[in-house]
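First comes the structure, then the notes that go with it.
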Amino acid sequence: MDFAAAGLLDGLEGKQRVARERLLSRLAEDGFTLAELKAAVRDDRLALLPVDRVLGGNHSAAEVERQTGLPASVMISLRRLEGLPEPKLEDPVFSDEDIAAARSTKLFLDAGFEQDAIAELTRVLGEAMARLAATTTAAFVDAFLRPGDSEPDVAWRFAELAEQLTPALAPVLIAAFKAHLRDSVRRGMLGREELSSGQLADAQPVVVCFADLVGFTRLAGQVELQELGTVAGRLARLATEVSEPPVRLVKTIGDAAMLVSPDAAPLVAAALSLVDAIEQAGLPSVRAGLAVGPALVRAGDYYGQPVNLASRVTGIARPGSVLCTEDVRDGALDQFDWSFAGRHRLKGVADPVALYRARRQQNPDAQPGAADKGSEGGRVRRRPADRPRRRGSR
């Protein structure tokens with residue numbers, strides 16, 4: 001190949017040009033076409049082509065069907081559900097692991113799994129793996145990219161490491177999946193109603209907490225992107241640390257975290273701990289809102305009235321505060337100090353909602369029910385006909 005004539009050496013001089021030409025020659029010898037090399041140079045990923053070869057497939061969907069009996073159309077559909085580009089029937093994009101996965105998928109279908117269930121599992125798996133892959137890639141580059149590396153240096157070092165380390169991820173993934181599956185089984189319920197109907201209940205009662213960093217959007221315009229990512233990462237780490245059973249971290253989305261619990265008191269305690277941990281870490285203040293009610297559980301996420309309500313409550317909470325609906329307060333009445341925060345009109349809720357701010361108890365030896373006596377010091381004060389304070393008083 002005439003790499004210069006093809007424009008693959010444009011803009012390069014001296015050592016960089018020599019290194020690029022050496023890499024191109026090696027890649028061409030390894031079977032990469034001129035079109036593939038041009039595309040890689042255009043997209044600034046020439047040094048990653050050897051890693052692509054290590055991770056890439058060599059089987060088509062048609063070949064997978066011949067080896068496993070799983071229809072090629074199903075393999076292509078599942079790949080699309082994973083969030084990956086849809087291949088043509090003869091494109092060699094499937095690996096040996098994909099063939100093993102196809103056999104497993106066929107086993108699930110033959111065992112009685114509905115295709116819709118397989119599709120949902122695949123979609124959730126794709127979302128999780130996309131995040132894991134992006135995180136792994138960033139960690140890989142951070143660990144092994146060295147200042148002053150040439151393209152050939154990166155190409156062969158990264159390819160060798162990918163070949164060595166990628167198989168080591170398999171037991172890590174399996175162990176994590178089995179641990180979470182076991183935890184899900186332990187939290188599950190299979191009572192008379194479920195046995196009679198042959199299916200799980202559509203909804204289950206749950207306490208929901210949203211916590212978000214105050215001023216995160218404004219912060220985004222003031223700091224470097226890497227620092228912004230560090231802030232979001234520290235929030236996720238701290239939210240994980242305060243989520244002790246029965247509290248569970250459902251997800252983090254940038255500047256926000258969602259936690260759930262079957263009981264109010266542990267979740268209120270977790271929210272207060274997160275507020276304290278964020279403050280001690282020197283991050284922007286966090287605010288939290290909690291609500292309780294029946295929620296639908298799908299693909300590991302929660303939907304329904306308590307989710308929406310907790311989000312609305314969080315939106316009006318003050319920085320550094322944990323704001324709860326009355327039902328949440330009643331579920332943890334004796335474990336915390338409570339102050340009435342007024343009645344508020346929330347978007348999507350017909351009637352004003354009474355809200356209460358939770359604080360750690362200053363007097364742990366207080367008599368049970370003291371929060372109902374209208375004492376000062378942050379405890380709830382009953383008013384005639386529950387007369388609200390002015391809007392915004394918390």
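The values are calculated or read from the model by the stated rules, or taken from the named source; none is laboratory data. All figures in this text were calculated on a predicted structure; none of them were measured in a lab. A quick note on method: Cβ atoms are made from the backbone with ideal geometry, for glycine too, and the neighbour counts reach across all protein chains shown.
Some points to look at:
- A Cβ distance below 6 Å, combined with a sequence gap of six or more or placement on separate chains, defines the contacts here; from segment 353-372, residues that are surrounded by 15 or more Cβ atoms within 10 Å (Cβ to Cβ) reach residues that are in a loop (DSSP other than H, G, I, E, B) and at pLDDT 65 or above in the pairs Val353/Leu346; Arg357/Ser321; Ala371/Leu333.
- Residue within segment 2-17 that is touching a residue at least 40 places away in the same chain (Cβ under 8 Å), over 23 Å from Thr166 (Cα atoms) and either surrounded by 18 or more Cβ atoms within 10 Å (Cβ to Cβ) or not assigned by TED's automatic domain parsing to the domain that holds Ala299 (or both) present: yes
- Meets criteria (surrounded by 15 or more Cβ atoms within 10 Å (Cβ to Cβ) and either in contact with a strand residue (DSSP E or B) (Cβ under 9 Å, 6 or more places away or on another chain) or part of a helix (DSSP H, G or I) (or both)) for Val141: no
- Residue within segment 347-368 that is within 21 Å of Val307 (Cα to Cα), modelled with pLDDT under 95, assigned to a loop (DSSP other than H, G, I, E, B) and among the basic types (Lys, Arg) present: yes
- Failed condition for Val231, given (1) of a type in the set (Val, Ile, Thr); (2) assigned to a helix (DSSP H, G or I); (3) at pLDDT below 95; (4) over 21 Å from the mean Cα position of the chain (by Cα): (4)
- Verdict on Ala119 being farther than 21 Å from Leu27 by Cβ, in contact (Cβ under 8 Å) with a residue 12 or more places away in the chain and either assigned to a helix (DSSP H, G or I) or not assigned by TED's automatic domain parsing to the domain that holds Gly233 (or both): yes
- Positions within segment 308-331 being touching a helix residue (DSSP H, G or I) at 6+ places or on another chain (Cβ under 7 Å) and either in a strand (DSSP E or B) or hydroxyl-bearing (Ser, Thr, Tyr) (or both), in sequence order: Val322, Leu323, Cys324, Thr325
- Filtering segment 296-310 to residues that are among the small types (Gly, Ala, Ser) and crowded, with 20+ Cβ neighbours inside 10 Å leaves only Ala310.
- Some residue of segment 332-345 being touching a His at 6+ places or on another chain (Cβ under 8 Å) and either surrounded by 23 or more Cβ atoms within 10 Å (Cβ to Cβ) or in a strand (DSSP E or B) (or both): no
- For Asp153, the stated conditions hold: it is part of a helix (DSSP H, G or I), among the charged types (D, E, K, R) and at pLDDT 90 or above.
- Extreme residue, farthest from Asp212 (Cα to Cα), among residues of segment 246-295 that are out of contact with any Pro (no Cβ under 7 Å at 6 or more places or on another chain), of a type in the set (Gly, Ala, Ser) and crowded, with 22+ Cβ neighbours inside 10 Å: Ala264
- Condition met for Arg42 (closer than 28 Å to Leu161 by Cα, of a type in the set (D, E, K, R) and under 38 Å from the mean Cα position of the chain (by Cα)): yes
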